[in-house]
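Peer 1: My structure is below; once you've seen it, I'll send some questions.
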Amino acid sequence: MAKIHRNDETYLAQQQQNAATRSIPKLDHLPEPKEEPAEEGPAEAERPVKEKKKATTSQGGRAYTVAMVLCMVVFLFSGGMLLKRLWEDRQAENEFADLQAMIDTTAAPATGEDGTETNSAKFAALRDQNPDFIGWLSIPDTNLDFPVMYAPNNKDFYLRHDFSREYSVYGVPYLDEKTTLGANDQSENLVIYGHNMKTGTIFGCLTGYKKAEYYTEHPTITFDTVYGDGTYEVFAAFSIDVVADQSFVYNEYVDLDEATYNAYVDEVIARSDVDTGIRPSYGDQLLTLSTCEYSSDNGRYVVVARRVNA
């Protein structure tokens, strides 16, 4: 989850061997032999070359052994890191599952003293454990099923902290600090950030909206808050490099007048990877989900939906 503000060595040793020039020793001051002697000179001349071959072969063997050892070390290290990440993924999944089990699905929404609906009983256990909890976000039939935190006075805290406020690379999805979400006052656009882990967890499934088929299979998002349940229908999804393209700062569109609302809707539809045929009207609350997108160093993938129940 990132906001706007993202080994293996191979060794190859090649030995080149130079052919030795065969020369016959000059034999001066020797008596002329009666018979032609065996030519021992060339064999003597070749001997240093054979010794050189042996030496270079030995050096090549040592280099090969070193390369193999280094490759094995890299392999074992990479394998260990992968196993560690898989273990951490499983641990994070279990922690989120434990949190989900704390939701009282049998509790009916209540009406507060001011007449507004509340989910105080439904989420009471989660709020007791961490009052920064604001709601639960999910996309049916996907692995996106997580709590959402709201700490406007502690910007980006849950980028690298878990539900228990301990350090975590996974973090917890959280609302932008500029967002207002209360019983009597809510922003026109609720902006939520979540990590797209390279293992595909947290908000990793959002990039699936690049394809029309995925949108067809997952057209809605639920965001049930402590102030009531909410269903949203996706109407746009797009990628953006937040450094290369600063013409559209999408996460600045939070509290909107009608003109700004319409400008935001027009822009996200124009950029969308899918044509949903849906265009929200001013007064429809928007939900914007933002995560990393790895086609560029500063890429983000953004999914935008409108609320369909009051």
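Laboratory data are not the source of any read-out in this text; all were calculated from the coordinates shown. Keep in mind that this is a model prediction, so the values were computed, not measured. Here the Cβ is made from the backbone with ideal geometry for all residues, glycine too, and neighbour counts use every protein chain on show.
Peer 1: If amide hydrogens are placed 1.01 Å from N in the peptide plane, which non-local residues have theirs closer than 5 Å to the one on Gln285?
Peer 2: Arg307
Peer 1: Hey, another quick one. Measure off 7 Å from each Cα along the Cα-to-Cβ vector at Arg90 and Asn298, then give the distance between these two points in nanometres to one decimal.
Peer 2: 3.9 nm
Peer 1: Compute the length gained on full extension between Phe157 and Val66: take 0.36 nm times their separation in residues and subtract their Cα-Cα distance, giving the result in nm to one decimal.
Peer 2: 28.2 nm
Peer 1: Using the 10 angstrom Cβ neighbour count as an exposure proxy, how do Thr207, Thr65 rank, fewest first?
Peer 2: Least to most surrounded, the residues fall as Thr65, Thr207.
Peer 1: Average the reciprocal distances over every distinct pair of alpha-carbons in the range 211-310, invert the result, and give the Kirkwood radius in Å.
Peer 2: 14.2 Å
Peer 1: Report P(r) for the range 109-307: all Cα-Cα distances, bin width 5 Å, range 0 to the bin holding the largest distance, values in whole percent.
Peer 2: Bin by bin from 0 Å, the calculated values are 1, 7, 16, 21, 21, 18, 10, 5, 1, 0.
Peer 1: Once Rh is set to the Kirkwood radius over Cα pairs, what Stokes-Einstein translational diffusion coefficient, in µm²/s, holds for the range 119-196 at a temperature of 37 °C and a viscosity of 0.692 mPa s?
Peer 2: Using the Kirkwood radius from Cα pairs, D works out to 251 µm²/s.
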